[in-house]
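Presented below is the structure to which this report refers.
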Amino acid sequence: MKRSLTVLAVLILALAAGGGWYLYSKQPSRQGQVELERLQGSVTVRYDERGVPHIRAENETDLYRALGYVHAQDRLFQMEVMRRLARGELAEILGPKLLDTDKLFRSLRIRERADSYVAGLDRQSPAWKGLQAYLDGVNQYQNSHPQPIEFDVLGIPKRSFTAEDSISVAGYMAYSFAAAFRTEPLLTYVRDQLGSDYLKVFDLYWQPKGALAKGRVPLAPSLAASDWQDLGAIARLSEQALADAGLPQFEGSNAWAVSGTRTKSGKPLLAGDPHIRFAVPSVWYEAQLSAPGFELYGHHQALVPFAFLGHNLDFGWSLTMFQNDDLDLIAEKVNPNNANQVWYRGKWVDLVNSEQQIAVKGQPPVTQILRQSPHGPIINDVLGANAGKTPIAMWWAFLETPNPILDGFYQLNRADTLAKARSAASKVQAPGLNIVWANAKGDIGWWAAALLPKRPIGAKGAFILDGSTSLADKEGFYPFSANPQEENPARGYIVSANFQPVSPTGMEIPGYYNLADRGQQLDRQLSDKSVKWDIEASQKLQLGTTTAYGPRLLAPLLPVLREVVNDPQELKLVEQLAQWKGDYPLDSTSATLFNQFLFDLTDAAFHDELGDAFFDTLLSTRVIDAALPRLAASADSPWWDNRNTLGQESRADTVRVAWRASLAHLKATFGDDSTKWLWGQAHTLTHGHPLGLQKPLDRVFNVGPFAAPGTHEVPNNQSAKIGPAPWPVTYGPSTRRLIDFADPAHSLTVNPVGQSGVLFDKHYQDQAEAYIEGVYQQAHFNEEEVTANTHSTLKLLPARTAQ
């Protein structure tokens, strides 16, 4: 017995030691010396207390090669999954459940665009050389180290990263902006199946010209029931592919710049917090890059060497999403005598067909047939044999513009004057971005960066367009000078918050913009001339949890609620809502009650007309946010009637149904005592890892949950989808940055989770609690402070020539 116990104990110790060594072998190496091929000189990488690398090299190519190496050791799995998602290669490692997602992304033709884009790049440009050095650093790390735990779990083979992968990832991020996939089928369904009166709530005019002009053009297509099912399925797949990937997705953003005339320091102040879907690891990788003639503290995206956010002692910038409509869906007219032809510019033309093989884990490869019309890829082919008879083509700016975005961000990383920043912004064409910029000399500026298409007069991109008419075509692009922009405005500040901007030429800029409330809230506070802005005041503004949206929506409904609610205790809750200021602190019960009522009102009004599929799609769009206040204020809207009943319901009837459903759900979920319906209990943030989507791996890889203040469309935009309580937060500020150019060496920043994506690394989640509590971290910039805060040093040396 003793011998058996001894043997068992030895085995347990051996397993524990083996497991410990296995996990240790996967951890980043942040100290010591490493030899790298093709380095021209030594590179020093100093890591601070948050695991941020401060990289010093003697030339740019060494600098970017070192960045690729250290970025890979912290984020290699993120790089792998993002390129596979963008290129339609997830089923190869995750199995057949990801096959539809792969088919969707291959239908988008991101792979082909990446290939042609890279083929046309100037191999002698500094941007190309920087990208190649960076990717070489990534690949050298991958080839010389044990693969990450996730690679072992999923059986992912090592494969070199390429420039095509980098451009493909940019395509994924561009697609994550593409609200048209969900919005255009929905609005076209409302228009064609419900009627013009139902469109009023979406603030759209009844103008079918340029959309599906049923019965007006001899060759115009009409959509059958199977086509509507197609569009609903594509909308759901589009949302699912983004939501279920466990990867960052751009959603919105705040940014502002205040000139020195409005600040305490007398120098410009820059603030920014791009709103991106939360994930483990988060989207941004912080790094300070130093080489002769170049210095930048930047936030980098996977597989891109040039910072998308950054600053130094002279200038800095932040981004928000422009949210211009850069994607149109187009219904093609098929030749009844030849299913491979569509009507285009007065004649039948052939569709271009191609075939791809999709690798599927544990199964034979799947063949996908891709078709393309003169307008673009046919996207409903993703549904295979179940697709309807009408081909739906996609025109997408990412596929159609020159888009020298690599050169643009390379130059923006070095843009210390308004002229240089303007020139760099003009090279960012798809996806559309707002670039908000400031410098130590006193300038502030904003450019809506995109190449905006010229749609024919009468073409309404909010609806599916008719491919048999010229109104589905594009007539070129507007010049960059026509884009919305400002430089050193007299009011002394610039604010960008995804609301619809105005072109200097007065031209229409179609888009799927966010509510104006968040931008208006920021503008009201920034316009207060009694305030001299500094870092502390900017923190409070960035962490604000109030807008006028809730009270604005409730205002026309409060008299209705007072009419239909009879119970004295319930009337107290109504009056509580009447006094509510639209704020979302953790201890608010009004916020919980309002959000549940918001969902039940939406459900009672829209679900019966739209059905399950299109109702779910509605909840995933931005148009619902603007529609609900209009609905609340419209007593005679046809949406109030429930089509599933014999009678005709009024606004009061539907409000009564929604109120009762809200109270019933909150009591069932949180108990009868309404004082316990706390927002922090109902609204929580969990940072999800791609493997954390599968139980019980969620307990290992995910980070959270945390009680989350804020909500959708307040400055601290911790957003959850409209739905029943509780509400898991899906996206929010992906970092919070504040830079006073009187002291830019002491800027503030924070990562929502941690710098590292390596499980069990000390920087995997070391900032998560600070982030949710609104705590900021100092970004170390000066040599003295970097030295004082160095926790470890890694030396990268040129590889010695073999003897």
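Since LEU573 meets every condition but one in (1) out of contact with any Gly (no Cβ under 8 Å at 6 or more places or on another chain); (2) not in a helix (DSSP H, G or I), which condition does it not meet?
Condition (2) is where LEU573 drops out.
Among the listed residues SER503, SER470, SER496, identify the single one that is more than 25 Å from the chain's Cα centre (by Cα) and hydroxyl-bearing (Ser, Thr, Tyr).
On the way: SER503 fails: more than 25 Å from the chain's Cα centre (by Cα); SER496 fails: more than 25 Å from the chain's Cα centre (by Cα).
Of the residues listed, the single one that is more than 25 Å from the chain's Cα centre (by Cα) and hydroxyl-bearing (Ser, Thr, Tyr) is SER470.
Is it the case, given these coordinates, that PRO504 is surrounded by fewer than 15 Cβ atoms within 10 Å (Cβ to Cβ), in contact with a strand residue (DSSP E or B) (Cβ under 8 Å, 6 or more places away or on another chain) and not charged (D, E, K, R)? Before the answer, list the steps.
On the way: surrounded by fewer than 15 Cβ atoms within 10 Å (Cβ to Cβ): yes; in contact with a strand residue (DSSP E or B) (Cβ under 8 Å, 6 or more places away or on another chain): yes; not charged (D, E, K, R): yes.
For PRO504, the condition - surrounded by fewer than 15 Cβ atoms within 10 Å (Cβ to Cβ), in contact with a strand residue (DSSP E or B) (Cβ under 8 Å, 6 or more places away or on another chain) and not charged (D, E, K, R) - is met.
Any residue that is at positive phi and either within 25 Å of the chain's Cα centre (by Cα) or among the hydroxyl-bearing types (Ser, Thr, Tyr) (or both) - is there at least one of those in segment 137-159?
Applying the first criterion (at positive phi) to segment 137-159 yields 155.
Narrowing the set further to residues that are either within 25 Å of the chain's Cα centre (by Cα) or among the hydroxyl-bearing types (Ser, Thr, Tyr) (or both) leaves none.
Checked against the condition, which is being at positive phi and either within 25 Å of the chain's Cα centre (by Cα) or among the hydroxyl-bearing types (Ser, Thr, Tyr) (or both), segment 137-159 yields no hits at all.
Could you please find all residues in segment 606-635 being part of a loop (DSSP other than H, G, I, E, B) and either buried (at least 17 other Cβ atoms within 10 Å of the Cβ) or out of contact with any helix residue (DSSP H, G or I) (no Cβ under 8 Å at 6 or more places or on another chain) (or both)? Can you show your working first?
Narrowing segment 606-635 to residues part of a loop (DSSP other than H, G, I, E, B): 620-622, 634-635.
Result: SER620, THR621, ARG622.
What are the residues in segment 724-758 that are in a strand (DSSP E or B), of a type in the set (A, V, I, L, M) and more than 18 Å from ALA770 (Cβ to Cβ), if any? Please lay out each step first, then the result.
Just the residues of segment 724-758 that are in a strand (DSSP E or B), to begin with: 727-729, 731-733, 737-740, 748-749.
Next, from what is left, pick out any that are of a type in the set (A, V, I, L, M): 729, 738-739, 748.
Residue satisfying the conditions is ILE739 alone.
Which members of segment 42-70 meet the condition of being more than 28 Å from the chain's Cα centre (by Cα) and part of a helix (DSSP H, G or I)?
Within segment 42-70, GLU60, THR61, ASP62, LEU63 meet the criteria.
Does any residue of segment 466-479 turn out to be closer than 26 Å to ASP203 by Cα, crowded, with 24+ Cβ neighbours inside 10 Å and either touching a helix residue (DSSP H, G or I) at 6+ places or on another chain (Cβ under 7 Å) or of a type in the set (Phe, Trp, Tyr) (or both)?
Yes.
Check off (1) within 30 Å of ARG371 (Cβ to Cβ); (2) under 22 Å from the mean Cα position of the chain (by Cα) for LYS97 and give me the number that stays unchecked.
Of everything listed in (1) within 30 Å of ARG371 (Cβ to Cβ); (2) under 22 Å from the mean Cα position of the chain (by Cα), LYS97 misses just condition (2).
When segment 359-396 is examined, which residues are found to be touching a residue at least 40 places away in the same chain (Cβ under 8 Å), of a type in the set (Lys, Arg) and more than 17 Å from TRP228 (Cβ to Cβ)?
Listed by number, the list holds a single entry, LYS361.
With the condition kept exactly as written, say whether any residue in segment 723-743 is among the polar types (S, T, N, Q) and free of Cβ contacts under 8 Å to residues at least 60 places away in the same chain.
So in segment 723-743, the residues among the polar types (S, T, N, Q) come out as 730, 734-735.
From what's left, free of Cβ contacts under 8 Å to residues at least 60 places away in the same chain: none.
The answer is no; no qualifying residue exists.
Residues in segment 111-138 that are free of Cβ contacts under 8 Å to residues at least 60 places away in the same chain and out of contact with any Lys or Arg (no Cβ under 6 Å at 6 or more places or on another chain): how many?
11
With the checklist (1) part of a loop (DSSP other than H, G, I, E, B); (2) farther than 25 Å from SER527 by Cα in hand, flag the one item SER265 doesn't pass.
(2)
Could you list, in sequence order, the residues of segment 119-166 that are surrounded by 19 or more Cβ atoms within 10 Å (Cβ to Cβ), of a type in the set (D, E, K, R) and over 22 Å from GLN411 (Cα atoms)?
Selection gives GLU150 alone.
Table: residues versus (1) touching a Ser or Thr at 6+ places or on another chain (Cβ under 9 Å); (2) in a helix (DSSP H, G or I); (3) among the hydrophobic types (A, V, I, L, M, F, W, C).
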| residue | (1), (2), (3) |
| --- | --- |
| ARG656 | no, yes, no |
| TRP659 | no, yes, yes |
| HIS665 | no, yes, no |
| GLY692 | yes, yes, no |
| ARG699 | no, yes, no |
| PRO705 | yes, no, no |
| GLY710 | yes, no, no |
| PRO715 | yes, no, no |
| ILE722 | yes, no, yes |
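Scan segment 281-317 for residues that are over 24 Å from ASP766 (Cβ atoms) and either among the aromatic types (Phe, Trp, Tyr) or under 15 Å from the mean Cα position of the chain (by Cα) (or both) and jot them down.
The answer is PHE294, PHE306, PHE315, TRP317.
Kindly establish whether PHE315 is out of contact with any Lys or Arg (no Cβ under 9 Å at 6 or more places or on another chain), touching a residue at least 12 places away in the same chain (Cβ under 8 Å) and hydrophobic (A, V, I, L, M, F, W, C).
Values: out of contact with any Lys or Arg (no Cβ under 9 Å at 6 or more places or on another chain): no; touching a residue at least 12 places away in the same chain (Cβ under 8 Å): yes; hydrophobic (A, V, I, L, M, F, W, C): yes.
Here the answer is no, as PHE315 does not meet what is asked.
Out of all the residues in segment 462-477, is one or more in a loop (DSSP other than H, G, I, E, B), aliphatic (A, V, I, L, M), touching a Gly at 6+ places or on another chain (Cβ under 8 Å) and within 30 Å of TYR344 (Cβ to Cβ)?
Applying the first criterion (in a loop (DSSP other than H, G, I, E, B)) to segment 462-477 yields 462-464, 467-469, 473-476.
In the following step, the residues that additionally are aliphatic (A, V, I, L, M) were identified as 462, 464.
Within this subset, residues satisfying the condition of being touching a Gly at 6+ places or on another chain (Cβ under 8 Å) are none.
Looking through segment 462-477, none of the residues is in a loop (DSSP other than H, G, I, E, B), aliphatic (A, V, I, L, M), touching a Gly at 6+ places or on another chain (Cβ under 8 Å) and within 30 Å of TYR344 (Cβ to Cβ).
Which of (1) within 17 Å of ARG30 (Cα to Cα); (2) part of a helix (DSSP H, G or I); (3) of a type in the set (Ser, Thr, Tyr); (4) under 34 Å from the mean Cα position of the chain (by Cα) is the odd one out, the single condition TYR771 does not satisfy?
Exception for TYR771: condition (1).
Find the residue count for segment 442-486, including only residues that are among the β-branched types (Val, Ile, Thr) and without any contact (Cβ under 8 Å) to a residue 24 or more places away in the chain. Spell out the reasoning first.
Step one: list which residues in segment 442-486 are among the β-branched types (Val, Ile, Thr), which gives 444, 457, 464, 469.
Restricting the remaining residues to those that are without any contact (Cβ under 8 Å) to a residue 24 or more places away in the chain gives 457.
Of the residues in segment 442-486, 1 are among the β-branched types (Val, Ile, Thr) and without any contact (Cβ under 8 Å) to a residue 24 or more places away in the chain.
Based on this model, can you work out whether LEU573 counts as in contact with a strand residue (DSSP E or B) (Cβ under 9 Å, 6 or more places away or on another chain), crowded, with 18+ Cβ neighbours inside 10 Å and either at pLDDT below 95 or not small (Gly, Ala, Ser) (or both)? Walk me through how you get there before you give the answer.
Numbers: in contact with a strand residue (DSSP E or B) (Cβ under 9 Å, 6 or more places away or on another chain): no; crowded, with 18+ Cβ neighbours inside 10 Å: yes; either at pLDDT below 95 or not small (Gly, Ala, Ser) (or both): yes.
Answer is no for this residue.
GLY310 - would you say it is in a strand (DSSP E or B), out of contact with any Pro (no Cβ under 6 Å at 6 or more places or on another chain) and not charged (D, E, K, R)? Talk me through it step by step, then tell me what you get.
On the way: in a strand (DSSP E or B): yes; out of contact with any Pro (no Cβ under 6 Å at 6 or more places or on another chain): yes; not charged (D, E, K, R): yes.
Spelling it out, GLY310 is indeed in a strand (DSSP E or B), out of contact with any Pro (no Cβ under 6 Å at 6 or more places or on another chain) and not charged (D, E, K, R).
Pick from LEU270, LEU296: which is touching an Asp or Glu at 6+ places or on another chain (Cβ under 9 Å) and closer than 30 Å to ASN59 by Cα? Talk me through it step by step, then tell me what you get.
Numbers: LEU296 fails: touching an Asp or Glu at 6+ places or on another chain (Cβ under 9 Å).
Selected residue: LEU270, the only one of LEU270, LEU296 that is touching an Asp or Glu at 6+ places or on another chain (Cβ under 9 Å) and closer than 30 Å to ASN59 by Cα.
Quick check on my filter: what residues within segment 662-682 are hydroxyl-bearing (Ser, Thr, Tyr) and buried (at least 19 other Cβ atoms within 10 Å of the Cβ)? Don't jump to the end; show me each part of the working.
Step one: list which residues in segment 662-682 are hydroxyl-bearing (Ser, Thr, Tyr), which gives 662, 669, 674-675.
Correct list: SER662, SER674.
What is the one condition in (1) under 13 Å from ALA450 (Cα atoms); (2) under 23 Å from the mean Cα position of the chain (by Cα) that SER423 does not satisfy?
(2)
Under 7 Å by Cβ, and 6 or more places apart or on different chains, what pairs join a residue from segment 594-620 that is within 21 Å of THR711 (Cβ to Cβ) with one that is acidic (Asp, Glu)?
SER620/GLU239
Go through ALA291, ALA302 for me and flag whichever is in contact (Cβ under 8 Å) with a residue 60 or more places away in the chain and either buried (at least 24 other Cβ atoms within 10 Å of the Cβ) or under 28 Å from TYR513 (Cα atoms) (or both). Lay out the reasoning, then the answer.
Values: ALA291 fails: either buried (at least 24 other Cβ atoms within 10 Å of the Cβ) or under 28 Å from TYR513 (Cα atoms) (or both).
Of ALA291, ALA302, the one residue that is in contact (Cβ under 8 Å) with a residue 60 or more places away in the chain and either buried (at least 24 other Cβ atoms within 10 Å of the Cβ) or under 28 Å from TYR513 (Cα atoms) (or both) is ALA302.
For the subset of segment 340-358 comprising residues that are touching a residue at least 60 places away in the same chain (Cβ under 8 Å) and surrounded by 14 or more Cβ atoms within 10 Å (Cβ to Cβ), which member is nearest to the chain's Cα centre (by Cα)?
Of all residues in segment 340-358, those touching a residue at least 60 places away in the same chain (Cβ under 8 Å) come to 342-345, 356, 358.
Applying the additional criterion that residues be surrounded by 14 or more Cβ atoms within 10 Å (Cβ to Cβ) yields 342-344, 356, 358.
Values: VAL342: 35, TRP343: 36, TYR344: 35, GLN356: 28, ILE358: 26 Å.
Here the answer is ILE358.
The values are calculated or read from the model by the stated rules, or taken from the named source; none is laboratory data. Being a predicted model, the structure only gives us computed values, none of them experimental. Quick reminder, even Gly has a Cβ in these numbers, built from the backbone with ideal geometry, and neighbours come from all protein chains shown.
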